[in-house]
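Report on one structure; see the data block that follows.
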Amino acid sequence: MNAATPRASMRRRSLPRPSPWALAWLALWAVLGVAVGLDLSAAELWLFAGGSLLLVLVLDAVRLMRSAGPEIRRELADTWPMGVERPVRLSLQSGTRRQRLDVFDLHPGSWNVRGLPRHLQLERGELASFDYHLRANARGDFSFDGMHVRLHSPWRLWRQLRTVGASQVVRVFPNFAPLAKFAMFSADQASRMVGAHVKRRRGEGTDFHQMREYRVGDSLRQIDWKASSRVRRLISREYQDEKNQQLILLLDTGRRLMAREEGRAHFDHVLDAALVVAYLALRQGDAVGLLASGGATSWVPPRRGVAAIDELLRASYALQPQPVATDFLASATELFLRQRRRSLVMLVTNLRDEDMDDLLAAVDMLRGRHLVCVASLRESALDSALAQPVNDLDAAIRAGSIAQYLEQRRVAHDALRSHGVMVLDVTCDQLAGSLVEKYLSVKRDGLL
């Protein structure tokens with residue numbers, strides 16, 4: 001397990017607090033005081049018991065404050081996939097005395113935890129370790145701010161909370177396990193795994209791949225007559241899709257993608273889908289770049305090779321949508337200035353009719369140099385609500401409002417198509433497959 005980068009070590013102590021045992025003894029002494037009030041002959045004995053109890057309490061508190069707490073070391077990975085449970089190991093080295101303690105790691109508060117707090121009893125000089133499990137539910141940079149240790153005094157009359165250990169920073173990335181799984185399959189197989197319907201090729205590709213013997217079904221245009229005459233059998237030329245083309249993922253980080261679905265923001269689904277199509281495009285030999293614009297911004301120039309997915313991950317893992325209106329024209333202008341070579345630009349957003357003027361101006365600018373595809377996310381809850389039976393006035397009003405909203409989306413999409421833009425109207429679950437399918441169809445139809 002790779003250790004996350006540690007920061008400065010923490011050493012803080014709170015004042016000791018009485019334990020339930022101490023409070024119970026004090027309560028018993030107080031109750032005896034009531035009885036002594038009825039029979040003053042036992043007052044001296046009661047005062048002696050109180051003094052003895054006070055002495056024991058003071059001695060126990062002093063021993064607790066002087067005792068050295070355990071040395072604690074945390075082991076965890078420095079990068080985490082979002083939504084996947086991972087173990088964290090805490091190792092403790094006790095001091096010169098037997099110790100009872102409770103341990104709680106100061107992990108990011110919003111994460112799901114299993115296995116904390118932990119109660120331990122350490123013998124003198126004992127080395128112990130245990131694992132607990134965390135699941136990160138958001139992307140970005142997060143901090144583990146030391147550990148809380150609650151020490152119990154030797155006679156269990158006091159407890160003291162101490163903050164020990166070093167803070168550590170970890171980075172939470174989108175879950176890249178599906179990308180690792182795709183590496184075992186061909187591009188076509190991986191495309192089908194994400195729900196893309198790979199269409200049959202309309203013709204041959206544009207790049208020469210190899211010479212091979214003629215097969216039944218090869219067109220006459222594939223036959224190399226000079227090579228066939230030399231070997232006295234039919235030889236065909238085999239072509240493949242053109243490589244070294246460029247794909248630019250233009251991601252909206254504005255308010256449109258702050259909506260949540262299945263416990264995650266729409267932008268999380270968008271980023272996952274963008275990484276899937278980027279990985280497959282890199283395996284196809286194309287270069288992939290990324291521009292995030294609207295709220296948080298990031299720019300990655302197009303890179304080739306499967307290793308480029310690491311650069312895309314590092315540039316995008318901490319991006320979060322922000323409650324601002326996206327200026328599509330400004331985004332298009334930035335991309336137009338940065339990306340000179342003709343590319344397939346895939347803009348992913350959640351389109352509204354009030355965005356149309358700005359968006360049409362943006363795509364008209366981009367179409368002067370690039371091939372543009374707009375993927376417009378649709379909330380799956382709309383489809384579900386529209387399918388519900390209409391039995392009363394409220395349901396009728398709700399269904400009518402949804403139908404009107406969807407009609408406005410359709411009109412906006414038709415306006416984009418009339419400007420020569422490819423449009424995808426998809427839900428979060430459909431996004432990855434639709435992007436991959438569109439990318440492959442552009443490649444196979446030779447549109448770039």
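Grab every C-alpha pair in the stretch 213-291, bin the distances at 10 angstrom width from 0 up to the longest one, and report whole percents.
16, 26, 17, 16, 12, 9, 3
Give me, ordered by chain and number, the residues 5 or more places off W80 or on other chains with an amide H under 5 Å from its own placed amide H.
Those lying under 5 Å, H to H, from W80 are R171, V172, F173.
Over all Cα pairs of the stretch 49-136, how is the pair count split among 10 Å bins, expressed in % and running from 0 up to the last occupied bin?
15, 36, 25, 16, 7, 2
List the residues, sorted by chain then number, that are 5 or more residues from S19 or on another chain and whose placed amide H is less than 5 Å from its amide H.
W158, R159
Could you give the DSSP H helices of the chain that reach 30 angstrom or more along their long axis (alpha carbon positions) and whose average Kyte-Doolittle hydropathy is no lower than -1.0?
43-66, 393-418
For the chain, what % of the accessible area comes from carbon and sulfur atoms, probe 1.4 Å? Each step should come with its number before you reach the end.
Values: 12520 of 23140 Å².
Answer for the chain: carbon and sulfur cover 54 percent of the accessible area.
Report the Rg/Rh value for the stretch 313-398, based on alpha-carbon coordinates and the Kirkwood definition of Rh. Show your work: numbers first, answer last.
Details: Rg = 17.8 Å, Rh = 15.8 Å.
Result: Rg/Rh = 1.13.
Given that compact globular proteins tend to follow 2.2 N^0.38 Å, what is the ratio of the alpha-carbon Rg of the chain to that value?
Relative to the rule-of-thumb radius for its length, the chain sits at 1.48.
Considering only protein heavy atoms, with the full assembly of protein chains and a 1.4 angstrom probe, order M258, M346 by accessible area, largest first.
Final ranking, largest accessible area leading: M258, M346.
Any idea what diffusion coefficient the stretch 377-448 gets from Stokes-Einstein, in µm²/s, Kirkwood Rh on alpha carbon pairs, 37 °C, 0.692 mPa s?
The estimated diffusion coefficient comes to 229 µm²/s.
In what order, largest first, do T96, T427 sit by accessible area if the probe radius is 1.4 Å?
From most exposed to least exposed: T96, T427.
How much accessible area per residue does the chain have, counting only protein heavy atoms and a probe of 1.4 Å, in square angstrom?
Computed with neighbouring chains in place, this is 52 Å² per residue.
Taking a 1.4 Å probe, which of E262, E407 shows the most accessible area, and what order do the others take after it?
Highest to lowest solvent-accessible surface, that is E262, E407.
The values are calculated or read from the model by the stated rules, or taken from the named source; none is laboratory data. Since we're looking at a predicted model, the values are computed, not measured. For the accessible areas, the whole protein counts, side chains as well, though only heavy atoms, and no ligand, DNA or RNA atoms are used. Shrake-Rupley method; radii C 1.70, N 1.55, O 1.52, S 1.80 Å.
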